[in-house]
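A short worksheet on the structure shown next.
The values are calculated or read from the model by the stated rules, or taken from the named source; none is laboratory data. If you're wondering where the values come from, they're calculated on a predicted model, not measured in any experiment. As a convention, Cβ positions derive from the backbone with ideal geometry for all residues, glycine included, and neighbour counts pool all protein chains shown. Calculation scope for accessible area: heavy atoms of the full protein, side chains included, ligands and nucleic acids excluded. Shrake-Rupley method; radii C 1.70, N 1.55, O 1.52, S 1.80 Å.
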Amino acid sequence: MHSAAAVVKRALLVGLITFGLAFPIVALRTDVDFSNHTVLTERWPTAFGLAGLALLGALVLGFLRPALIARPAAKAAEPAAPPHPFLDYLPRLGLVLLVAFPFIAMGIAAAGGPGVLKVMDNYGIQILIYVLLGWGLNITVGLAGLLDLGYVAFYAVGAYSSALLAKTWGFSFWIALPLAGILAAFWGLLVGLPVLRLRGDYLAIVTLAFAEIVRLVLINWVPVTGGYAGISSIPKPSVLGYSLGSEPTGLAATLGLPRLTFMYYLLLALALFTYWAAMRLRTLPIGRAWEAMREDEIACRSLGINTVNTKLSALAAGAFFGGLAGAFFASHQGFISPKSFEFMESAIIVAIVVLGGLGSMVGVAIAAIVMIGGTELLRELDLLKAVFGPDFDAAQFRMLLFGLAMVVLMVWRPKGLIANREPTVRLKPQPRRGAPVAEPAE
């Protein structure tokens, strides 16, 4: 059991960290007065109050539950227990909720909550877009172990490709969608060819540079991309002459459903296709080669696996699904500009994959719901405005919250929310939960 001095020392550290985080947000806040001049508002009591609450909470937790902060003693390795059966039903439960989400949104609106369109867009479509992006990047980072910090470039390629194909050449959305994915995969191959000998930090730097190159091209190639003005009036997908968008004459409005219902179900279909394709690819030889390269590239070569083709396939597969997400984003928004494809988007997607658990599809989906939906939910809470001021917007500090969440999660669960992944190949049948463990042979 830890001594009182150790508990107090840890509580003081927690209080200092809390004060350091609250200092730039609370204690020194810039406001605009009636003469439209920026003034510095000092609110030291609030910052010290938050630090004091954190310190007091750490003290109480340290004295009441010292086992939580005690260093676990080393013990003999035991056979890994099978995952809880609830994890097997989690994807099915999530699928049921996703299919029923439009009707849940109608119930929330009828109960006095936000409007149906706001719930559908902010908590449905936006979250699913990041789920789709997270699953695409999970192939490159989680399965193949290739650190890609420029994934937003493929997102931008898919968005601009589909927008130009639909608006300039008159292609249907159903034709522009796969073409956008193919073009994004093609650029993934082009990026992979010159950097095949790189890995780790060097590969991350190259992909980050590629994303910045794509952004600068979108800004400066004005005759094609429109520069900062972007591309507007992008056609919506349609079926039998009925638009799937939010128009009053669209298919959803005609049937008496929320206007974004069919756009939501279209995105849900793309996400389910991505899930099925990623799980299917993982069981194929190429998927096992990705996982082997992630664990040990040198051993992978010694087994005769072509690491060049393996890396190219991982980059292309991940880029393809990023292009699909970009195509849907362009059609849904009806307007795109380089502002939507900055490095911050790549950081958010990487954070979702890391927080969810590398290689875990369900974990990535949960992380996207928590991070993207949590930001929108924080924006609706008046409690934060009472603490930080009436002009406080949680969305402006979401990267600070993301960083804090990643630090906490890396301490609590270093491998992500769901670190247990089903192996691709089992040499022995999986033991039932609760079954006696066989004694090791002497």
Of Ile182, Ile336, which has the most accessible area and how do the rest follow, probe 1.4 Å? Ile182, Ile336
Computed accessible area, Leu164, all protein chains, 1.4 angstrom probe, square angstrom: 30 Å²
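Just the accessible area per residue of segment 259-353, please: how many Å² with a 1.4 Å probe?
Per-residue accessible area for segment 259-353 comes out at 38 Å².
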When the dipole is taken about the Cα centre of segment 114-223, and only Lys, Arg (+1) and Asp, Glu (-1) are charged at their Cβ, what size is it in debye, to the nearest 20? 100 debye
Roughly how big is segment 268-333's charge dipole about its Cα centre, with Cβ charges of +1 (Lys, Arg) and -1 (Asp, Glu), in debye to the nearest 20? 120 debye
Which percent of the accessible area of segment 123-187 is formed by carbon and sulfur heavy atoms (probe 1.4 angstrom)? 78 percent
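Multiplying the sequence separation of Ala347 and Ile17 by 0.36 nm and subtracting their Cα-Cα distance, what value in nm do you get? List each step's numbers first, then the result.
Numbers: separation 330, 0.36 × 330 = 118.80 nm, distance 2.32 nm.
Length gained between Ala347 and Ile17: 116.5 nm.
Quick one: ranking Ile139, Ile17, Ile104 by accessible area, 1.4 Å probe, largest first, what do you get?
Details: Ile139 0, Ile17 95, Ile104 70 Å².
Reading off the accessible areas and sorting them downward yields Ile17, Ile104, Ile139.
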Lys and Arg at +1, Asp and Glu at -1: neighbours of Ala211 with Cβ under 11 Å from its Cβ sum to -3
So how exposed is Tyr160, as accessible area in Å² (1.4 Å probe, rounded to 10)? 10 Å²
At 7 Å along the Cα-to-beta-carbon direction for both Val239 and Leu404, put a label point, then send me their distance in nm to one decimal. 4.3 nm
Give, in nm to one decimal, the length gained when the segment between Arg413 and Arg92 is fully stretched (0.36 nm per residue of separation minus the Cα-Cα distance). 113.1 nm
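Among Lys118/Lys339; Lys118/Lys167; Lys9/Lys415; Lys311/Lys339, which pairs are too far apart, with a Cα-Cα distance over 32 Å?
Numbers: Lys118/Lys339 22 Å; Lys118/Lys167 27 Å; Lys9/Lys415 28 Å; Lys311/Lys339 30 Å.
Beyond 32 Å: nothing from the list.
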Once all protein chains are kept in place, Asp121 shows an accessible area at probe 1.4 Å, nearest 10 Å², of 40 Å²
What dipole magnitude, in Debye to the nearest 20, does segment 178-322 give about its Cα centre under +1 on Lys/Arg Cβ and -1 on Asp/Glu Cβ? 180 debye
For segment 262-320, which whole-number percentage of the solvent-accessible area (1.4 Å probe, protein heavy atoms only) is attributable to carbon and sulfur atoms? 67 percent
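Given a 1.4 Å probe, how much area per residue of segment 87-175 is accessible, in Å²? Before the final figure, lay out the partial values.
Values: 3480 Å² over 89 residues.
Here the per-residue accessible area is 39 Å².
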How far apart, in nm, are two points set 7 Å out from the Cα along the Cα-to-Cβ line at Arg280 and at Lys339? 3.9 nm
